[in-house]
Each structure stands twice: as structure tokens, then as C-alpha cells.
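Structure first, commentary second.
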Amino acid sequence: MRDLLLGREPHDLDIVTAARPEAVTALFERTVAIGQEFGVVAIVLDGHPYQVATFRREGPYLDGRRPSYVEYADALVPAADRALAWIESRAQNGAAQTTKVTRQHQ
């Protein structure tokens, strides 16, 4: 989604799930722990890596790069909130065309 909003052709596919990193690792033969402490594992299928991230809420980015803590979630809403925050910050900084994104909480 981010690449599309920035007018770029996507070259990878990232996956989100309620499964915890250890469950993802147990399901696939080839995995790489690339950010397991943040809920991210890469699986390798047919020689191609795919990042699999667990739904999560994140603490503040005190170092500007990594969340100070991660809490796993059972739903997409926290992840969607992070994505919307990224889109809004990019639009405010003029790095992307302003796109109206609306969401209703149920």
C-alpha cells in the first residue's frame, strides 16, 4: 500500500497475521529471524523471502528507529492505525500526494 501511495511499483509482499513469530517459524521449513522481538519473521518460499509480521501495538520510537516495546494484538486495528499514521505523516510532510483515507471504528 505504501509503495502505491508513493507512486512506486511494489516489489515485495509483506504479510500480517495474528500468529505469533514462534508459530510462524514452526509452520515453515525455511525462516529467518529478522525482527522476532518486534514480531517479524521472514519465510523463504521458492527462494523468495516474505516478511510475516504479527498484529501488534507499538510503544513510542524513542531512538527514531525502533519501538520501545511491542504488544501483540489479535486484530488488525492496531496495525492499521500505524499504517494510517504513516500515511498522514507523509502527506503532512509533502512526501506523497495527499490522499483522503477514512476509517470508521465499529
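For region 1-23, how many residues meet the condition of being over 15 Å from the mean Cα position of the chain (by Cα) and under 27 Å from TYR69 (Cα atoms)?
Looking only at that region, the number is 2.
For region 41-71, give me the residue count where each residue is in contact with a strand residue (DSSP E or B) (Cβ under 7 Å, 6 or more places away or on another chain) and of a type in the set (Asp, Glu).
2
Determine the pairs where a residue that is aromatic (Phe, Trp, Tyr), located within region 55-84, has a partner that is modelled with pLDDT under 75 and part of a loop (DSSP other than H, G, I, E, B) with Cβ atoms under 7 Å apart, the partner being 6 or more residues away or on another chain.
Between residues of region 55-84 that are aromatic (Phe, Trp, Tyr) and residues that are modelled with pLDDT under 75 and part of a loop (DSSP other than H, G, I, E, B), the close pairs are PHE55/LEU76.
The values are calculated or read from the model by the stated rules, or taken from the named source; none is laboratory data. Fair warning: this is a prediction, and the values are worked out from it, not measured in the lab. Note that each Cβ is placed from the backbone with ideal geometry, even for glycine, and that neighbours are counted across all protein chains shown.
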